[in-house]
């Protein structure tokens, strides 16, 4: 079993275009450590506007460049019939809502999908550990908290995406 490295929209926005140093540093990190970052389908759709019928493909989208380069892949669909997946999704949505002091139904579903993907991989035995790279503190903390309540407290690590990228840029 291996570790799963899950990344969110904010992480890839912070990484930026394939021509900048942040992108190159994260790519090099992934290649050196034989890591493939995984994005839930909801995150991929956010990054590409795949659900927006009016979006155009005028220029290469950085996430697609990363996929083509082999250090990112889109996850299979979430199995909402798996109780731990749906429970995790709902729990993280409530956690974010409480942290942001707003109704849970106003929380976008992409952030809770990070933890749900971790729950799915951990509960199926496809991963022994999940690292969640996000720039949304409430989403990261929520994923750790909710998954800990499901018995995965030592199997999930929230990685602050901004700090991770800055550390890579300021080393070497």
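Quick grid of which residues meet (1) modelled with pLDDT under 95; (2) assigned to a helix (DSSP H, G or I); (3) touching a strand residue (DSSP E or B) at 6+ places or on another chain (Cβ under 7 Å); (4) under 16 Å from residue 161 (Cα atoms):
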site: 3; (1), (2), (3), (4): no, no, yes, no
site: 10; (1), (2), (3), (4): yes, yes, yes, yes
site: 31; (1), (2), (3), (4): no, yes, no, no
site: 42; (1), (2), (3), (4): yes, yes, no, no
site: 54; (1), (2), (3), (4): yes, no, no, no
site: 58; (1), (2), (3), (4): yes, no, no, no
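Taken together, the residues in the range 95-119 that are farther than 17 Å from residue 158 by Cβ, at pLDDT 85 or above and either outside any loop (DSSP other than H, G, I, E, B) or touching a strand residue (DSSP E or B) at 6+ places or on another chain (Cβ under 6 Å) (or both) amount to 1.
Could you please let me know if residue 35 is at pLDDT 90 or above and either buried (at least 19 other Cβ atoms within 10 Å of the Cβ) or part of a helix (DSSP H, G or I) (or both)? Spelling it out, it is not the case that residue 35 is at pLDDT 90 or above and either buried (at least 19 other Cβ atoms within 10 Å of the Cβ) or part of a helix (DSSP H, G or I) (or both).
When the test is whether a residue is buried (at least 19 other Cβ atoms within 10 Å of the Cβ) and at pLDDT below 95, residue 62 passes it. Of all residue pairs spaced 6 or more apart or on separate chains, those with beta-carbon atoms under 6 Å, a first member in the range 153-172 that is at negative phi and in contact (Cβ under 8 Å) with a residue 24 or more places away in the chain and a second member that is surrounded by 15 or more Cβ atoms within 10 Å (Cβ to Cβ) and part of a loop (DSSP other than H, G, I, E, B) are 161/135; 162/135.
The values are calculated or read from the model by the stated rules, or taken from the named source; none is laboratory data. Just so it is clear, the structure is predicted and the values come from calculations on it, not from any experiment. Neighbour counts run over all protein chains shown; Cβ positions are idealised from the backbone, glycine included.
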